[in-house]
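Visitor: Handing you a structure now.
All of the numbers you see were taken from the coordinates with simple rules; none came from a lab. No experiment lies behind these values; they were computed from the predicted model shown. Every residue, glycine among them, receives a Cβ derived from its backbone with ideal geometry; neighbour counts consider all protein chains shown.
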Amino acid sequence: MIGELVAMVNGWIENFGLLSEAWRVGIVVFALVFGTATVAYIASHIIGALERRFSKTRNLWDDALLHASRKPVVVFVWLQGVYWAAEVAHRYSDAEIFKANETVLRVGFVFVLVWTVLRLIKEGEAILVSPVKMKKPMDYTTVNAVSKLSRAVVIITALLTLLQSLGYSMSGVLAFGGVGGIAVGFAAKDLLANFFGGFIIHLDRPFKVGDWVRSPDRNIEGTVEHIGWRLTTVRTFDKRPLYVPNAVFTTIAVENPSRMTNRRISETIGIRYADVGQIATIVADIRAMLEQHEDIDANQTLIVNFLEFNASSLDIMVYTFTKTVEWVRFHEVKQDVLLKISDIIVGYGAEVAFPTRTLHLPERIRLAAEEREEAGSWDKAAASGDSSAKAGERQTVGDLDESGESE
């Protein structure tokens, strides 16, 4: 069918004598390109209509297939149209560029096929992790790792297929790859270490995207935003991005607070020594309050005990766990617990202790100090009496002077 069509076009170009050959070739090439544009437009709208129709069904994979193939189909139509236009031009032209038509067609076909598969993998990844489309969405980190591995396999297979189609010997390519791989391995050992570090992260899954991670060995703390094959992006709590090579995670300890089951309240509260008589009842009331608190997990360890005689206080240990693991909510619960403990202490007429010191003096030193204080008070009284007498004398003299002047 295609051969007959080509023969008919060539016969028209050679035998139609109304126009010159160049004009006839130009008209045919223009018609092929215009027809290609028309077919691509129609194909795009047909696939779009099918997408809208199949979106109403429960099957999600037909939607993914249609959406993934829409643009590659349009590119494939253009690839075919341009190829046939170039073939027609090549028959009547000696330009060297048209000799690569077959190679361009093979490369383009592999590109379109790989592009379609990659888009389909991306659509499948979006479906599997979507809580809207799936009743039980899969873990994003696992799906992302499988998706990356699948894309790598598709790209490597496509490259090997292209090399084979272009006439290169696969045995030579593989032999060169083995020798070159050794050289590349020595030159890019850090890159390979990060690659295998990323593979270990995806395999062991010490954390996933969205987890809060912290390392006691390094200054790393924040929320995981992305796990790549070379770098892991961690958003610190001051909103700065931190890019950590994956090889680092194979040599350090990583803490994942996002997977904690409870948050801990651990406080030591000091009571005055003057309130030692109320210490037992205060401890009992605090324990009862925590056992009845709706935000405290009574199934976890709960300790409220008189701990020790400290330098200036009687210390009570309060050790318990909250039900919530959210950071903000935890501090709200902790504040409520501490305020209730304060109310219990005040309710018994006791007070929370603060650092104080009592100084005890021997009896003789105390009496001597009291005698000095008494002597000082007598001296002050005498001094005040002298000053009053002098003031009276000055007032008398002043009165005499005034009376003398009046006389």
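Visitor: Give me the number: length gained by fully extending L338 to N299, i.e. 0.36 nm times residue separation minus the C-alpha to C-alpha distance, one decimal in nm.
Guide: Length gained between L338 and N299: 12.0 nm.
Visitor: Let me ask something else. Of K122/K208; K208/K239; K56/K148, which pairs sit farther than 27 Å apart, going by alpha carbon to alpha carbon?
Guide: K56/K148
Visitor: Based on the mean of other beta carbon atoms within 10 Å per residue, what is the order of 211-218, 72-79, 39-46, 56-63, most packed first?
Guide: My ranking of the peptides, most packed first, is 72-79, 211-218, 39-46, 56-63.
Visitor: Expressed in nm to one decimal, what extension gain is obtained for the pair N59 and V75 from 0.36 nm per residue of sequence separation less their Cα-Cα distance?
Guide: This chain segment gains 3.1 nm when fully extended.
Visitor: Over all directions, how big on average is the projection of the convex hull of the alpha-carbon atoms in the stretch 260-347, in square nanometres?
Guide: 5.7 nm²
Visitor: What length, rounded to one decimal in nm, is gained on full extension from V346 through to Y140, with 0.36 nm per residue of separation minus their alpha-carbon distance?
Guide: The V346-Y140 span can extend by a further 69.0 nm.
Visitor: Also, I was wondering about something else. Could you run the Karplus curve 6.51 cos²θ - 1.76 cosθ + 1.60 with θ = phi - 60° over the stretch 253-264 and give me ³J(HN,Hα) per residue in whole Hz, x for Gly and Pro?
Guide: My calculation for the stretch 253-264 gives 8, 10, 9, 10, x, 5, 9, 5, 8, 8, 10, 9 Hz in order.
Visitor: Give me log10 I(q)/I(0) at q = 0.12, 0.19 Å⁻¹ for the stretch 191-258, Debye formula, one equal scatterer per alpha-carbon, no solvent.
Guide: -0.24, -0.64
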